[in-house]
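Below: the structure, in structure tokens.
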Amino acid sequence: MTLFQSSADRDEAWAELRKKVEGCTRCGLCSSRKNTVFGQGSRNTPLVFIGEGPGAEEDEQGVAFVGRAGRLLTQILASVGIRREQVFITNVVKCRPPDNRVPAPDEMMACSPFLEAQLALLRPRLVVCLGNTPTKWLLRTSEGITTLRGRWFPWRGALLLPMFHPSFLLRNESRKKGSPKELTWRDINAVREKLGELGASLPEEDENS
């Protein structure tokens, strides 16, 4: 039995969830935000990317991954023939932490129901965690991204892959074998290959959230 009996029910639940995020006051981050950042992309995709939280440009525009790191993520996806519009991109927290600090545990806990609801509605086959924060949060682990990246983990009926956050790549320019950029190239190719193994097709038509 599926959670939602029709696409209309799912659309209604999605719209209600977005409304709740926009008006959220569950933690102190609401007091300093300009915009909530719900996430965007296709709602019919098998592939979801989860980052840490919005930065300055994301807070300004209300869109996830639009700064330098976001532009690099777009390039990483394009390198294996994936458009941003074919995946869904969101964050663990939907409001910008001051000075781009790591979200506090109570902030992530407060925002967790929104991410959980998004994933329940999207029902992805593959979940990619970008960086330490989403990886540790979703896997409930203390191990870091350097140890976990590139490994597939079963996660609630899906497969989860930790990858370096694009902002980390911007601070590490080397493309030598074993460098973060080279490892990320391997990881995004692994994502593309896993989609093929699962027979999971990306949506051809863009359907933005």
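The residue that is most open to solvent (accessible area, probe 1.4 Å), counting only those in the stretch 70-116 that are among the polar types (S, T, N, Q), part of a helix (DSSP H, G or I) and closer than 17 Å to PRO166 by Cβ, is GLN75. Looking across LEU202, LEU161, LEU183, one residue alone is part of a strand (DSSP E or B) and either more than 26 Å from VAL63 (Cα to Cα) or in contact (Cβ under 8 Å) with a residue 24 or more places away in the chain (or both). It is LEU161. For SER174, are the conditions met, namely being within 24 Å of ARG43 (Cβ to Cβ) and in a loop (DSSP other than H, G, I, E, B)? No; evaluated as a whole, the condition is false for this residue.
So the check is Cβ under 9 Å with 6+ separation or different chains; which pairs have a first residue in the stretch 4-33 that's within 16 Å of PRO113 (Cα to Cα) and outside any helix (DSSP H, G or I) and a second one that's open to solvent by 60 Å² or more (accessible area, probe 1.4 Å) and polar (S, T, N, Q)? Hits for this filter: THR25/SER31. Out of the residues in the stretch 127-137 meeting the condition of being in contact with a strand residue (DSSP E or B) (Cβ under 6 Å, 6 or more places away or on another chain) and outside any strand (DSSP E or B), tell me which one is surrounded by the fewest Cβ atoms within 10 Å (Cβ to Cβ). Once the filter is applied, the top-ranked residue is THR135. Assuming PRO124 fulfils every condition listed in (1) part of a loop (DSSP other than H, G, I, E, B); (2) over 15 Å from the mean Cα position of the chain (by Cα) apart from one, which condition is it? Going through the list (1) part of a loop (DSSP other than H, G, I, E, B); (2) over 15 Å from the mean Cα position of the chain (by Cα), PRO124 breaks only (2).
Please enumerate the residues belonging to the stretch 140-156 that are open to solvent by 40 Å² or more (accessible area, probe 1.4 Å) and closer than 16 Å to LEU115 by Cα. Correct list: ARG140, ARG156. A single member of LEU47, LEU122, LEU77, LEU126 is among the hydrophobic types (A, V, I, L, M, F, W, C), more than 25 Å from ARG186 (Cβ to Cβ) and touching a residue at least 60 places away in the same chain (Cβ under 8 Å), and it is LEU122.
The residues on offer are GLY62, GLY23, GLY67, GLY39, and the sole one that is open to solvent by less than 60 Å² (accessible area, probe 1.4 Å) and either among the β-branched types (Val, Ile, Thr) or closer than 23 Å to LYS136 by Cα (or both) is GLY39.
Looking at the stretch 166-181, which of its residues are open to solvent by 40 Å² or more (accessible area, probe 1.4 Å) and not polar (S, T, N, Q)? PHE168, LEU170, ARG171, GLU173, ARG175, LYS176, LYS177, GLY178 - these are the residues of the stretch 166-181 that are open to solvent by 40 Å² or more (accessible area, probe 1.4 Å) and not polar (S, T, N, Q).
The values are calculated or read from the model by the stated rules, or taken from the named source; none is laboratory data. From a predicted model like this one, the values you see are computed outputs, not experimental measurements. Backbone-built Cβ (ideal geometry, glycine too); neighbour counts: all protein chains shown. The protein model used for the area step is the full one, side chains on, heavy atoms only, and it has no ligands, DNA or RNA in it. Shrake-Rupley method; radii C 1.70, N 1.55, O 1.52, S 1.80 Å.
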